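The values are calculated or read from the model by the stated rules, or taken from the named source; none is laboratory data. Computed from a predicted structure; not experimentally measured. FYI the Cβ positions are ideal-geometry reconstructions off the backbone, even for glycines, and counts take in every protein chain you see. With ligands, DNA and RNA removed, areas are computed over all heavy atoms of the protein, side chains included. Shrake-Rupley method; radii C 1.70, N 1.55, O 1.52, S 1.80 Å.
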Amino acid sequence: MAEKRDYYEVLGVAKDADKDTIKKAYRKLAKKYHPDINPGDKEAEAKFKEASEAYAILSDDDKRRRYDTMGAAAFENGGAGFDFSGMGDIFGDIFGGGGDIFSDLFGGGRSSRRNGPRRGADVQANVRITFDESFTGTKKDIEVNIQDDCPTCHGSGCKPGTGKKTCGKCGGKGQVMFTQQSIFGMVRNVQTCPDCNGTGQVAEAKCPDCYGTGFVRTKKRFEVTIPAGIDNGQYVRLAGKGEPGTNGGPRGDLLVQVIISSDPEFTREGTDIFTENHISFTTAVLGGPVRVRTVDGMVEYEVKPGTESGTRVRLRGKGMPSVRVNGARGDHYATLIIDVPTHLNKAQKEALQAFDAAMKGEEAGGGKEGKKKGFFK
Ligand SMILES: [Zn+2]
Ligand SMILES: [Zn+2]
């Protein structure tokens, strides 16, 4: 799985930073990396997006809580799905213009930068794993229908046997100049050439299989690394494995939703695991060892004398690993169900009748103290 930087690390704030600190940190980064200040600088743009994504999550109480417990996997749609409403406020006082930049950068639909590089769309897929696999973590191959490099032209977009020629629009420079009204006044700006996507070269003749785009839709295999402890419905993100961008923009991400088959024994809530475990009538009365199957294997638990049916015992640290906190584990809760014997032979019946008689005798004779002693000793 492609590693995503920690949002707190991205903004350079502590895990317990308050909202004001987070806002200040983001504002500083946004000022430094804003695309209007760094035209054509891909690295600055990436930094700006990363910081904006981090801010969108950490500035929202609910999202921040989800991120703190589940990590980036909690957010299924990545950049394109974030809610950037409200972020215009913070930009109002920096750039005077509001937050439209976000929809441009994250593919939200504004067209003012139609000719600029645009990130490709995210692609969703899913993969089914077993409960055991969700505990250990696993690798799965999946097939996704996606745009890939055209095999005829190997992504060049040129008809086989032909090459490239200098782009007529930009004269091979890869950029075109234009004048723009901005918050800094009228500025001459450079823009990536829309005809050659900044390469300065265009195909002499277009590839007939991909119509010069360099991409064809195809079934592609991906190996998905699923981390131990992943929960049903969570996503694994393969950064840059989505649809190709346009005008030289980066690919979107591949978001793989993990579906976990239900287990006959284990159920799960958060990182805790729950089971029902049957114990015998005598074990419940007299106490004794009971074996509980956990994800770690069999664990022996000593049942207290006089255990009632429905008692829940906790096996600390025998739950699911946390995908977010390295080494952390949930607990295993076993609900003890007492099996009442139904088919007794003669000897067993007589033993129980003797027991019953002894109990009645004590009730008639002794007080509470006597009853307890007689019952357990
Ligand atoms: Zn082609
Ligand atoms: Zn050009």
Exercise for the section: For the stretch 315-324, just list the computed ³J(HN,Hα) in residue order, Karplus coefficients 6.51, -1.76 and 1.60, θ = phi - 60°, integers in Hz, with x standing in for Gly and Pro. Expected result: 9, 5, x, 9, x, 7, x, 7, 6, 9
Exercise for the section: Kindly sort Tyr26, Tyr33 by accessible area of their heavy atoms, largest first, with the probe set to 1.4 Å. Expected result: Tyr33, Tyr26
Problem - Distant-in-sequence amide H partners of Cys150 (H built 1.01 Å from N, under 5 Å) - result: Gly155, Phe215, Val216
Handout entry: For Lys4, solvent-accessible area (1.4 Å; no DNA, RNA or ligand), Å²
Key = 70
Handout entry: Contour minus Cα-Cα distance for Val325 and Glu143 (0.36 nm per residue)
Key = 62.5 nm
Handout entry: Whole-Hz couplings from phi, Karplus 6.51/-1.76/1.60, listed for the stretch 142-157; x for Gly and Pro
Key = 10, 10, 10, 7, 8, 7, 10, 3, 5, x, 5, 10, 6, x, 6, x
Handout entry: Accessible area (Å², 1.4 Å probe, nearest 10) - Asp61
Key = 90
Exercise for the section: Taking H placed 1.01 Å from N in the peptide plane, check which residues at least 5 places from Tyr333 or on another chain put their amide H under 5 Å from its amide H. Expected result: Ile273, Phe274, Thr275, Leu315
Fill in the blank from the handout: Here FRET efficiency (C-beta to C-beta, Ala205 to Gln180, R₀ 41 Å, nearest 0.05) is 0.75
Exercise for the section: Heads up, I need the accessible area for Asp195: 1.4 angstrom probe, whole protein in place, Å², nearest 10. Expected result: 90
Problem - Cross-link reach list, aspartates and glutamates versus Lys346, counting only Cα pairs under 20 Å and skipping chain neighbours closer than eight places - result: Asp356
Fill in the blank from the handout: FRET efficiency (Lys32, Asp68; Cβ distance; R0 30 Å; to 0.05) is 0.70
Fill in the blank from the handout: Sorted by accessible surface (1.4 Å probe, heavy atoms of the protein chains only), largest first, Asp18, Asp231 come out as Asp18, Asp231
Fill in the blank from the handout: A correct Karplus calculation of ³J(HN,Hα) over the stretch 216-233, with 6.51 cos²θ - 1.76 cosθ + 1.60, θ = phi - 60°, whole Hz and x for Gly and Pro, returns 10, 7, 8, 8, 10, 8, 10, 9, 10, 8, 9, x, 4, x, 4, 9, 4, x
Problem - Built amide H within the under 5 Å cut-off of Ile279, gap 5+ - result: Ile337, Ile338, Asp339
Handout entry: FRET efficiency, Ala351 to Asn232 (Cβ-Cβ, R0 45 Å, nearest 0.05)
Key = 0.40
